Structure formats: C-alpha cells, structure tokens
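The values are calculated or read from the model by the stated rules, or taken from the named source; none is laboratory data. Small disclaimer: the values here were computed from a predicted structure and weren't measured. Cβ placement follows ideal geometry from the backbone for every residue including glycine, while neighbour counts extend to all protein chains displayed. Heads up: the accessible areas ignore ligands, DNA and RNA and are worked out on the full protein's heavy atoms, side chains in. Shrake-Rupley method; radii C 1.70, N 1.55, O 1.52, S 1.80 Å.
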Amino acid sequence: MADRELRRMNRTELIEIIFALKQSEDALKTENAALTAQLEDRQIHLRHAGSIARASLELNHVFESAQAAADDYLVSIQSILHEAQDIRVRARTEAQQILAQAQAEAEKLKADTEAECRALRAAAEPKEPPEES
C-alpha cells in the first residue's frame, strides 16, 4: 500500500487494516495447524522415499518452505505496523504543532483585546476641567 494512501487514512481505517491482517494471520495459523496435523497423520511411504534419510530430507524441505513463508508473512506484518506507527507519530507531531499555533494566536488575540480595552477605558475616562483662576 502506498505511503501516501496510508497517510490519508484515519485511525479507524488503519485499525480496520490491522484487524483484517490479524484475521488473515489467524486464518493462516489455523491453516498451518491443519497442514501440520495432516503431515503428522500421513505415513511415510518407504517404497517412494527409498530410505528414512531420504524421507527426512523431504520433510526437511517442507518445513523449510513453511518457515520461509511464515518469515515472509511476519516481515510483511512488521512493515505494515511500522508504517502505521510512523503515520501515528507524524499525526501526533502535526497535532502538537497545530495546538501550539492555536495557543499562540489565542495569546496574541488576548493581548490585542486587552490593549484595545485599555485604550477604550482611557478614552472613556472623564478629563479634568481646567482650573479657573
């Protein structure tokens, strides 16, 4: 998924992606468990394998392939989670900047308003009449 697309997603969409990935992971774990059970249930046909050593090598290749697929999947999940974390950090930083800017603007407005009020009060105060001699 493009970095640009991930940036445009809101938190809910990112959580939905993570949820879908978690469901996919659970399904793959279930499938892996079923395949592992199937492998355990199968009998090694010695006439095809030729020897226990050859059968062991064939099983070893199956497990290596399964491990490689699992490793690829984990790398993919970690990459997606890392991207989501990066987006979250950038969003938090941007929110802090917006908040700081809003606070600065509020302080400026407050100072301007106070100065204007002082000027209006000064203009509204009655001036002392000149003393008569």
query = Working out 0.36 nm times the residue gap between Lys127 and Arg7, then minus their Cα-Cα distance, what length gain in nm do you get to one decimal?
reply = 37.0 nm
In order through region 62-67: 3J(HN,Hα) via Karplus (6.51 cos²θ - 1.76 cosθ + 1.60), integer Hz, x for Gly, Pro = 4, 5, 5, 5, 5, 5
task = With all protein chains present, calculate the accessible area of Ile77 using a 1.4 Å probe and round the result to the nearest 10 Å².
result = 30 Å²
ask   = For Phe19, what accessible area in Å² do you get when you roll a 1.4 Å probe over the heavy atoms of the protein chains, rounding to the nearest 10?
value = 120 Å²
request  = Quick one: what are the phi-derived ³J(HN,Hα) couplings along region 81-97, Karplus 6.51/-1.76/1.60 with θ = phi - 60°, whole Hz, x for glycine and proline?
outcome  = 5, 5, 4, 5, 5, 4, 5, 5, 5, 4, 5, 5, 4, 4, 5, 5, 5
note = Contour minus Cα-Cα span, Leu28 to Ala70, at 0.36 nm per residue, comes to 14.2 nm
query = R0 = 25 Å: FRET efficiency of Phe19 with Gln96, Cβ-based, nearest 0.05?
reply = 0.35
